[in-house]
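Worksheet: one structure, shown below.
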Amino acid sequence: MKVYNITDYGAVPNSTKVCTKEIQRAIDLCEKGSTVYIPQGEFITGALYLKSDLTLRIDGKLTGSGNVDDFPIMGYPYEGLDQLCYASLINTDGAPHENITIEGSGEINANGRALFEAELSDVKHKRGRAVCIRNTDHVIIRGVTIRQSPAWCLHLIYCRNVLIEDIEV
């Protein structure tokens, strides 16, 4: 199993740099069954999209950028209806997926205070979430803290065989 440390792809901790492209590149290049690693430090990012057969290991902090432009508009079920919503901080794209794990001792902070205000001013689109995993079989979310979401912190839609263990919301 290979580990893809996001700093090897140009992500910079503890700065004002938005590292979405660098983190997403590590995710996209991650080989089946391998791990994308978020080390100690705070990494600012926009929407990230996970894929099948991947572990996202968070020992640092992922923080939402606070800029709605970093969260594209997507179709999501929202309160039981398919609606246009801002993307979540961590997403799947809606296609069928399997074997996704999010684990570690770190934090997913969607920066909801900043995004809540900006997203509410747009009456055409619904608010995003911190984590939204859709259409995925075999999901594990373990050990992380999830906070400050503009809407729900953790939204699992049409997922099967889900284990959520020792998280803080």
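The values are calculated or read from the model by the stated rules, or taken from the named source; none is laboratory data. These numbers come from a predicted model, not from an experiment. Here the Cβ positions follow ideal geometry from the backbone for every residue, glycine too, while neighbour counts run over all protein chains shown. The area values use the complete protein model at the heavy-atom level, side chains included, leaving out ligands, DNA and RNA. Shrake-Rupley method; radii C 1.70, N 1.55, O 1.52, S 1.80 Å.
Averaged over its residues, the chain has an accessible area of 47 Å² per residue, based on protein heavy atoms and a 1.4 Å probe.
Here the chain exposes an accessible surface that is 47 percent carbon and sulfur, computed with a 1.4 Å probe and the other protein chains kept in place.
List the GluC sites (Glu not before Pro) within region 19-108 that fall in a DSSP loop (any state other than H, G, I, E or B) and whose Cβ has at most 11 other Cβ atoms within 10 Å. Here the GluC sites (Glu not before Pro) that fit, given the DSSP loop and packing criteria, are E31, E79. Within region 7-93, antiparallel bridges make up roughly 35 percent of the DSSP beta bridges whose residues both belong there. Going by a ≥ b ≥ c, the root eigenvalues of the Cα gyration tensor, does region 42-169 fall in the rounded group (a/c under 1.5), the prolate group (a/b larger than b/c) or the oblate group? Cα axes put region 42-169 in the oblate bin.
Kirkwood's formula applied to the C-alpha pairs of region 96-169 gives a hydrodynamic radius of 13.0 angstrom.
Taking region 58-87 and a reference point 7 angstrom along Cα→Cβ of A118, the backbone N atoms nearer than 11 Å belong to 64-72.
At most 11 other Cβ atoms within 10 Å and a DSSP loop assignment: could you name the trypsin sites (Lys or Arg not before Pro) in region 1-50 that fit?
Loop-located and lightly packed - K2, K32.
Beta bridges per DSSP, both residues in region 56-126: antiparallel share near 50 percent. Given the chain, what percent of its DSSP beta bridges are antiparallel, to the nearest 5? The antiparallel fraction comes to roughly 10 percent. Pairs of Lys residues in the chain, spaced 8 or more positions apart or belonging to different chains, with C-alpha separations under 27 angstrom: 18 in total.
The stretch between S105 and V12 holds 31.6 nm of extra length on full extension. This uses 0.36 nm per residue minus the Cα-Cα distance.
Amide H contacts under 5 Å for I90: L48, V131, C132, restricted to partners 5 or more places along the chain or on a different chain, H placed in the peptide plane at 1.01 Å from N.
With a simple spin-label model that places each label point 7 Å from the Cα along the Cα-to-Cβ direction, the separation between I140 and D53 comes to 1.7 nm.
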